[in-house]
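Reading through the structure tokens given below for one structure.
The values are calculated or read from the model by the stated rules, or taken from the named source; none is laboratory data. Since we're looking at a predicted model, the values are computed, not measured. Cβ atoms come from the backbone with ideal geometry, glycine included; neighbour counts cover every protein chain shown.
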Amino acid sequence: MDIRTRQGLLSALVGKVGKRMDSFLVPLELLCSVSRTEFSDKKAYLRWQKRQLNMLEEGLVNHPVVGFGEFGSKVKELQILLRKFEESESLAPSSGEVLRTEFLRSLRDISTSLVERPARGDLAGEVCHWADGYPLNVRLYEKMLCSVFDVLDEGKFSEEVEEILEFLQLTWRILGITETIHNTCYVWVLFRQFAITGEETLLPIVIEHLRKIPLKEQMGPQERLHLKSLCCLHEWDGRGQKLTFLQSFLFPIQGWADKKLGDYHLHFSEGSSNMAEIATVAMVTRRILIEEHEDKQVMELDEQERIETYISSSIKSALARVTHSIEAKSDSTHEHVLTLLAEEIKKLLKKDSSTFSPVLSRWHPQAAVISASLLHKLYGYKLKPFLDRAEHLTDDVVSVFPAAESLEQYVIMVIGSSCGEADLDDYCKRKLSLYQIEATSGMLVLRWMNSQMKRVAAWIERVIEQEVWDPISPHQRHGSSIVEVYMIIEETVDQFFALKVPMRIGELESLCRGLDSAFQVYTDNVVQQIVDKEDLIPPVPILTRYKREIGIKAFVRKEAADLKLTNDRNSNQINRLTTQTLCVRLNTIYYAVTELNKLENSIQERWTTKRLENINTRRSMSDKSGNLAPDTNNAFDGCRKVMNAALGRICEFAGTKIIFWDLREHFISNLYRPSVSESRLELLMESIDLVLNELCDVITEPLRDRIVTGLLQASIDGLVRVLLDGGPSRVFLAADAKMLLDDLEVLKEFFISGGDGLPRGTVENVVARVRPIINLISLETRVLIDDLREVSQGGRSRFGADSKTLLRVLCHRSDSEASRFLKKQFKIPKSAS
């Protein structure tokens, strides 16, 4: 308040002791009390006077608190008088002063009659109604409320703020201010000052006074009617809109808050320190305005729906800015737009869930879920065309798929942390349209894998054709082909795990199946070059009964012809399968088996690592087992079974080939020929020993016993062949049994080799099948004939033999009694026929 105004009001109070200030017409009293001499120049005085006259006109004419009624003529007189009052200033000082005095007297008379009209239930003359008309009164009060701020720092309160507010409360009667009007105006003044200065300490006070504004049901009937009568016309989007008192002040506040919250990612990008207060302002203001609105359904959105509106608006605005920025970035970095967009959306969601959602969750517990779901959906719109076009594992696919999968899993994690793991699956099924990256990626990985398996198959075919089955080195006794096969397979596995696209357990299982099949193909190729064991064994001679010399010569000629037929059939192929090449094949397959375990462990460890890399963001909605480390120990059971079978077959073939092919002349043809005493088994042991040394020089140590066992079994097979199917060239007497047992013992001890060879139990089990045959040879002819008759008639042999064995023992018996029995009972021809 300037000194002239203060002095003018004090002068007006002289002689009016006991009269209330609110009964004074202040502008008129100032015009009467302040003279021209108190101004430095006339222009300043005229400006001051103009303001006072304008105030009178505004308060008494333009914004009266009550209608004029019968005082309408007084209003016209007042307006004429105000014009004349201004015109009197242009007259000469002497005449002008006289007119001014007269005008002031007339002005007082007319004004007094107007201001003393009763309003709001007061008595005539009790209150001077010159400044309590709406909206003049609230504009005046608003201006006065601005005095609570420090002149030097507009964002801070003046030190006398409490005294100022107490003083302003004295003007309520003059201006027609109620507590509701005061709180509303004060909220507006404080909030406007916050918007201008950014002083955050003002917001809690704004909220405090907002909450003091009563809702309609909290007001008395008179106050409701009074506030309802306070209306003004407001220009809104080029159109005039009638607003109530509360709407005129709170709509701008709500509009400002809605604008900020409608793009909170932009306006609170530096932090959310005052976001909660602004959201509180928006929510409280909105609740008051809903009550104020005549048609409540127009604004009937609950707080959660309003928060969802903020989230949707802000997310879309933020995403639009991000999309615009990465389009330029994509051109410079040459990365796919969808990859960059997924990364940026993930950053956006991280900030949203850590910074903004905790604030918004005060009004909407699922705020984080809403924002995460919306971002997931918006990115999905852009991703779907790309997924539909993806046919192969291109660079773009390898770039986009992991980024999209990572984003989706982070979205799921955010949703899970908000709504709880128990409700996550149900929410995702109902509300989320999952990208199905793994399904699409899996299809593309399988296509890639098929092409890789064709490449592996072609590679295996090539290396098998080039393999010569020589040891790589004295320490690496396997063939070179298996090393190359493992190189291509490990390269394929490396490429598989280098794929940065999402994969399920099904893709890993397909890889393992493909590799298992490749190993089986390789093993089959290794074994395929080996002829059947039957091709090594000469045909079994026709059973004949013994006849001295003539029969023997005839059978020898026939037997030689049969043997020659066998040799001619597959001799070239069999001769290529030397002992060394067979051992190298065995070593090669054994190397494949041992390296298979390493490959399995490597695949399992790398798959576990691959899954663990995504454990914090990965959660399969269709598989709750969380199978991070599948059991790949069974993945190659198919090829492992084939390889073990191949080892057994080659070991058996090698032993059979040595005895029935390489040593055929010595063993099959000449052993015990023409008699046991003249061709003992010990004469063959040197040849067998040479072969055995050759085997042990080439075969790898873990396979030694296995292949030696195969040689032992073949030796026993050969011995049984000689004893039972040796043809007429061989005859045995009961006395030969002792020598045969001695030979069997020599063979057994040879393979045991004083504990350095095969285990004694193993050898005993193999040679045990010969002992019953030698026992039968040791029996008298009559005993054998009686036993064969018993068995032929359905009885049981006293020696545990079958009819075939007994028959063959008799066929090789150099005995006329046996010959007659065979002729009579079995029609077996003589050897000469």
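Given the structure, is Leu407 of a type in the set (A, V, I, L, M, F, W, C), within 30 Å of Thr323 (Cα to Cα) and outside any helix (DSSP H, G or I)? Show your work before the answer.
On the way: of a type in the set (A, V, I, L, M, F, W, C): yes; within 30 Å of Thr323 (Cα to Cα): yes; outside any helix (DSSP H, G or I): no.
So Leu407 does not fit the description; no.
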task: Quick one: Val206 ticks every box in (1) at pLDDT below 90; (2) over 13 Å from Glu292 (Cβ atoms) except a single one, so which number is it?
output: (1)
message: Can you find a residue that is under 17 Å from Glu600 (Cβ atoms) and among the charged types (D, E, K, R) anywhere in the stretch 475-490?
response: yes
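Would you be able to tell me the number of residues in the stretch 437-471 that are assigned to a loop (DSSP other than H, G, I, E, B) and touching a residue at least 40 places away in the same chain (Cβ under 8 Å)? Please lay out each step first, then the result.
Residues of the stretch 437-471 that are assigned to a loop (DSSP other than H, G, I, E, B), as a first pass: 467-471.
From what is left, the residues that are touching a residue at least 40 places away in the same chain (Cβ under 8 Å) are 469-471.
Of the residues in the stretch 437-471, 3 are assigned to a loop (DSSP other than H, G, I, E, B) and touching a residue at least 40 places away in the same chain (Cβ under 8 Å).
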- request: Output the number of the condition that Cys128 fails; it satisfies all remaining conditions of (1) buried (at least 17 other Cβ atoms within 10 Å of the Cβ); (2) at pLDDT 85 or above; (3) of a type outside the set (Phe, Trp, Tyr).
  value: (2)
task: Filter the stretch 22-47 for residues that are of a type in the set (A, V, I, L, M, F, W, C) and either in contact with a Leu (Cβ under 6 Å, 6 or more places away or on another chain) or in contact (Cβ under 8 Å) with a residue 40 or more places away in the chain (or both) and give the result.
output: Phe24, Leu25, Val26, Leu28, Leu31, Cys32, Leu46
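How many residues does the stretch 259-269 hold that are in a helix (DSSP H, G or I) and surrounded by 18 or more Cβ atoms within 10 Å (Cβ to Cβ)?
Summing the residues that are in a helix (DSSP H, G or I) and surrounded by 18 or more Cβ atoms within 10 Å (Cβ to Cβ) in the stretch 259-269 gives 4.
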field: Failed item in (1) among the acidic types (Asp, Glu); (2) over 27 Å from Ile574 (Cβ atoms); (3) in a helix (DSSP H, G or I), with Glu678 passing the rest
entry: (3)
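Quick one: how many residues across the stretch 234-250 are at pLDDT below 75, in a strand (DSSP E or B) and charged (D, E, K, R)?
Our first condition is that a residue be at pLDDT below 75; within the stretch 234-250, this holds for 234-240.
From what's left, in a strand (DSSP E or B): 234-236, 239-240.
With charged (D, E, K, R) added as a condition, the list becomes 235, 239.
Number of matching residues: 2.
Would you mind listing the helices (runs of 4 or more DSSP H) fully within the stretch 107-219 where at least 1 residues are over 57 Å from the mean Cα position of the chain (by Cα) and more than 17 Å from Gln254 (Cα to Cα)? Can you show your working first?
Numbers: elements: 136-145, 161-169, 172-175, 179-197, 202-210.
Answer list for the stretch 107-219: 136-145, 161-169, 172-175, 179-197.
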query: Does the stretch 358-376 contain at least one residue that is closer than 14 Å to Tyr435 by Cβ, of a type in the set (Val, Ile, Thr) and crowded, with 21+ Cβ neighbours inside 10 Å?
result: no
message: Within the stretch 758-824, considering only helices (runs of 4 or more DSSP H) that don't extend past its boundaries, which have at least 1 residues that are free of Cβ contacts under 8 Å to residues at least 24 places away in the same chain?
response: 760-767, 781-792, 803-811
message: Can you tell me which of (1) modelled with pLDDT under 75; (2) surrounded by 13 or more Cβ atoms within 10 Å (Cβ to Cβ) is the one Lys16 doesn't meet?
response: (2)
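Residues that are more than 29 Å from Glu199 (Cα to Cα) and aliphatic (A, V, I, L, M), at least 1 per element: which helices (runs of 4 or more DSSP H) completely within the stretch 270-358 meet that? Give the derivation first.
On the way: elements: 275-292, 303-333, 337-351.
Qualifying helices (runs of 4 or more DSSP H): 303-333, 337-351.
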